[in-house]
Every structure is written in C-alpha cells, then in structure tokens.
Amino acid sequence: MLSHKTTHRVRYSDTDKMGFVQHANYFRWFEIGRSELFRHLGLSYKKIEANGFFLPLAEVHCKYLFPSKYDDVLIIETTLDARVKAGMKFDYHIYSEDEKTTFAKGYTKHACLDRNGRVVRPPDFLTAVFNRTGRSSVSNISATKAQRHKEGV
C-alpha cells in the first residue's frame, strides 16, 4: 500500500463550544493528508490539473472514534487504495502522536475527469508515479480485478 503520514496540531479555532474538534474539520484533514501524499510523490493538484485532469470528490465517509481536543498533535495517515475501476480511493487514519488513540477513520472516493468533464481512467503520468514508488498502477489493478470478475474468481 502506498501511504504517507503528516502531522497536524489541533488549533483552538478547530474546536466547538464543548472543547472537542468540530466534526467537519476531519474532512479538511483528509484533504491535507491526500495533498501531502501527492506532494510526497512529487505531484500536486495544481500539476494534475495543469495536465488536464481533475479529481473531484464523489464520496466521503468518516467514523468518529474518540474526540480530539485543542493542542492535540494528530498523525494523518493517508493510504491510496487503487482497487477501484475508475478514479481513486484514499483511506485515512487519524490518531494521536503517541499512537495510543485513534480519533477517526474514513475514506474518500474521487472520480477522474478530463478537461471536458468526462469520466476517464487515471492518466498514465499519474499511474507512472505510483509505479516508480513500487506501487502497481491504478489501471493495472483495475484490469486485474475486472479479469478476476470475468473469470468468476
């Protein structure tokens, strides 16, 4: 699995009246984790879009497991799950710096669109980055899954 970890300290403005992190911030942190994974691979959304491709959010899920609070140091672990037919799926695990507490787990699914807004498979330049890092390409994994389905496995 292709993963990356980034650190984030909870700001006072992230919390609600009860002193807990307001729930919508976890979705923002998912985006931070995803963006940092791309940067770790030498990519950015800006570069992907400059090449004529877009990754809009199609689905998001978050399971809140324990409330985080002001000044907590969080680890945002983002993992690419390339077993989807078109687009991309990222899994997130947000936990404490000491790794004793899991605050939330979730995922986002993204379509891959071309400049005309048509759904397409992730482009070669993107899958090449995953191959360079020792990860099979999104297209190859999808083709393998489709072949297994076709063969009834």
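Read-outs: derived from the displayed coordinates by stated rules, not from any lab. Here the structure is a predicted model, which is why all the values come from computation and not from measurement. Please note: Cβ atoms are built from the backbone with ideal geometry, for glycine as well, and neighbour counts cover all protein chains shown.
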### Message
Suppose R0 equals 30 Å. What FRET efficiency, 1/(1 + (r/R0)^6) with r the Cβ-Cβ distance, do Arg28 and Asp124 give to the nearest 0.05?
### Response
0.45
### Message
Can you tell me what percent of all Cα-Cα pairs in region 22-98 are more than 15 Å apart?
### Response
62 percent
